[in-house]
Structures are given as C-alpha cells and as structure tokens.
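Notes for the one structure printed next.
None of the figures in this text is laboratory data; all of them are computed from the coordinates on show. Bear in mind that the values here come from a model prediction, so they are computed numbers and not experimental data. Cβ sites come from the backbone with ideal geometry, for glycine too, and all protein chains shown count toward neighbours.
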C-alpha cells in the first residue's frame, strides 16, 4: 500500500474522529442547555423515563409544542380580578383550609386558561407550564398532590398550608400583566408582598 493511500486513510479516520467529537460535544451542550432550562424537571423526567435520550426527547417535544401555544399576558382588568379571587382564597383558609386548597387549585387552572394554556389533564398542564416556568413547576406538582390527598384521605392544616404556599408560587409566576401597564403591574406586586406578610402573620403561624 503506497504512501498516498495511507494519507487518504489517515485523513478519513481523522475526519471521522472530528465528526464524532463534534457530535458528542453537541449532544453534551444540548443536555447542559436542557438541564439549565428545566432544572429539577429535567431530573424528574430522567427518572421517569430511565433514559437520558428519551428524557431529552420528551423535553424537546414539550418545547416544540410550546411554540404552537398562544400564551398572552393578562389585561389589567383580568389581573385585578384574579388578585381579588386569590384574596378570597386567603380569607377562606382560616375557616376552611381544605376548601381554600380546592379554590386555589381552581384559580390556578382558570389563570392558566386565561393566559392561553390548554386545559387538558394535570400532567399535560404541568408539562406545558414546565417549558416557560420550570423554576416553579415543582410547586404545582406538590400542591396538586396535596389537593388530591385532601380529597381522598384528608390532610392536616400544616400540610394544607404548604399546598397554599405552593399554589401561590405558581400563581405569582403566571400573574403577568401587559408590559405597557407598569403601574398596574407594580400594584399587583405590592399586593403580593402584602399578602405574604399578612398570611404569614395571621394564618400560617396560627396554632393548629
């Protein structure tokens, strides 16, 4: 075998090695980016699927689905209406914690619908939310789990309190007002801060 043939073989092998290296690097970068975007939801999906490839394919499918959704911010009127509804949840918690948790679940579902999210089963709702709100999606899962437990086996007041905290996290995340209504948006944030202070003092620290 002459020198020219060896040169061609070495060049081809070098090209294959470079291609494989680039492919592995691209896959590694994709995994890192998905992990950064989805956070704990990446790990949860990986445990559920049992395969990194299948887990990442599912997360990418969620992102593709999300591009087809028409998610919109709230109008100032809608934002005010939902904030008032949440104050009602807060007030009901003292006398009827279980009922307040059911109300909170309903309010989050209605808020999602108003923003443009499909109202399918819970797992689909959670999957859709995880694309743009990965930082708080675990709150939604934990709150929903407690709400289901409260309907069947019951839950103590402390557990129901945690559900309200979880629901509030996702509620706050979704309470996005149109950007050109900065004054209204600022008012909503002040109401949120006031709510957290009040419920921490008047409800969450109340003896069980």
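For 89, 136, 108, 16, what ranking results if the residue with the fewest other Cβ atoms within 10 Å of its Cβ goes first?
In increasing order of surrounding Cβ atoms, one gets 16, 136, 89, 108.
For a footprinting-style exposure proxy, rank 95, 138 by other Cβ within 10 Å, fewest first.
95, 138
Using a 10 Å cut-off around each Cβ, can you sort 122, 93 from fewest to most neighbouring Cβ atoms?
122, 93
Once you place label points 7 Å from the Cα toward the Cβ at residue 49 and residue 17, how far apart are they in nm?
3.2 nm
Take each of the peptides 99-105, 32-38, average the number of other beta-carbon atoms within 10 Å over its residues, and list them starting from the highest.
Output ranking for 99-105, 32-38: 99-105, 32-38.
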